[in-house]
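This report refers to the structure that appears directly beneath it.
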Amino acid sequence: YWVATDGSDSNNGVSSNTPFATPQKAVTLSALAPGDTIYIRGGIYLLNTQVKPGKTATVTNPIRMWAYPGEKPVFDGQWGETGTDGNFLVFSNNSHVVVDGITIQRFADQYGNGTIDLYNGQGPVDDITIQNVTMLDNGSHPAQDHHIYIAAGVTNVTIRNNTLIRAAGSAIQSYHGPATTGLKIYNNVLIGGKLNCSQSTKNSCSTSATQHWGL
C-alpha cells in the first residue's frame, strides 16, 4: 500500500498512482494483512490526527510502515496548531510492526506520554521495531513528554539506528509496571537541548522544556 502527500483517502492505495493521503487510512485498512508493506513517499505531512494501527501480524510476516527508498517523509504535528491529538503513533493491542525511515517532528504529545507511544492498555503490544527514524522537537511539558514511551507490560521492542533530538522529557522512556521485557536499544544518537517551539501559539512549550534525560 502507498501513502503520499498528493494522495487521497478515497483512493484504494494499492499503487503509487492511487496512494492514500494519511498513514491512518493505511494502518486501519481491513485488507491489510501480515507481510504487507505501507510505503510512505517523501514530503511534509501536516497531521491533525493520531496514527493508531488496527492490525496484528506475525513474527515472520510483520506489517511494515516504511519510507519509500531514497525519499524522506516528514510528519509534522505543528505542536497542535491544527488540532493534532497529541501523540503521533500509538500502539495498543498491536504486534509485529516495523517502522522505518520516517521523520517525526513538532508533536505536542499528551501529558506524560510519547510521540511514539507503546502501551499495553487495550491488549498485547509485542515485537515492535523502530529503526532509522529521526525525531525532533516533540513535547511541550517539562520532563513529561517523550519521543518514545514504552509502558505497562509491552514486550520485545527493538529501537535501533535512530536519531532523537530535543524531547521535552526523555528521548526514550520505559516506565510503569508490569515491566517491559525483551527491550533492545542500540546504535541510536540522542541529542538534548531546548525545544524550538517559540512560534507555537496553541501548545507553546514550558520555559523549562529542555530535554531532561536521554534514556
Wrap a convex hull around the Cα atoms of segment 55-176, take a quarter of its surface area, and give that in square nanometres. 7.2 nm²
Counting only C-alpha contacts under 8 Å and six or more residues apart, can you give the relative contact order of segment 1-154 as a whole percent? 18 percent
What does the helix-only formula give at 222 nm for the chain: each DSSP H stretch with n ≥ 4 adding -39500 (n - 2.57), the total divided by the residues, and the result rounded to the nearest 500 deg cm²/dmol? -500 deg cm²/dmol
Label points 7 Å out from Cα along the Cβ direction at Glu71 and Ile44: separation in nm? 1.7 nm
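Between Ala152 and Asn196, take the C-beta separation as r, use R0 = 22 Å, and let me know the FRET efficiency to the nearest 0.05. Intermediate results must be reported in sequence, preceding the final value.
Details: r = 31 Å, r/R0 = 1.42.
Given R0 = 22 Å and the Cβ-Cβ separation, E is 0.10.
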Based on Cα positions only, what radius of gyration and what Dmax would you give for segment 73-119, in angstroms? 11.1, 32
Over segment 1-69, one equal point on each Cα, no solvent: what is log10 I(q)/I(0) by the Debye formula at q = 0.11, 0.14 Å⁻¹? -0.23, -0.37
Label-point separation in nm, Gln131 to Ser15, each point 7 Å along Cα→Cβ: 3.1 nm
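Hey, can you rank 48-57, 162-171 by average C-beta count inside 10 Å, highest first? All intermediate terms of the calculation are to be shown ahead of the outcome.
Details: 48-57: 17.8, 162-171: 24.6.
Per-residue Cβ counts within 10 Å, averaged per peptide and sorted highest first, yield 162-171, 48-57.
Kindly report the accessible area of the chain per residue (heavy atoms of protein chains, probe 1.4 Å, no ligands, DNA or RNA), in Å². Show your work: numbers first, answer last.
Details: 8940 Å² over 215 residues.
Here the per-residue accessible area is 42 Å².
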The chain: mean projected area of Cα convex hull, nm²: 10.8 nm²
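Given 0.36 nm per residue, what is the gain on full extension from Leu215 to Thr37 after removing their alpha carbon distance, in nm?
Details: separation 178, 0.36 × 178 = 64.08 nm, distance 2.98 nm.
Once the chain is fully extended between Leu215 and Thr37, it gains 61.1 nm.
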Rounded to two decimals, the Debye log10 I(q)/I(0) of segment 135-198 (Cα scatterers, no solvent) at q = 0.15 Å⁻¹ is -0.47
The FRET efficiency for Leu183 and Thr163, from their Cβ-Cβ distance with R0 = 22 Å and rounded to 0.05, is 0.70
If you only keep lysine pairs separated by 8 or more in sequence, or across chains, how many in the chain come under 29 Å at the Cα atoms? 15
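The values are calculated or read from the model by the stated rules, or taken from the named source; none is laboratory data. Just so you know, these numbers come straight off a predicted model, no measurement behind them. FYI the Cβ positions are ideal-geometry reconstructions off the backbone, even for glycines, and counts take in every protein chain you see. Please note that ligands, DNA and RNA were not included when accessible areas were found on the heavy atoms of the full protein model with its side chains. Shrake-Rupley method; radii C 1.70, N 1.55, O 1.52, S 1.80 Å.
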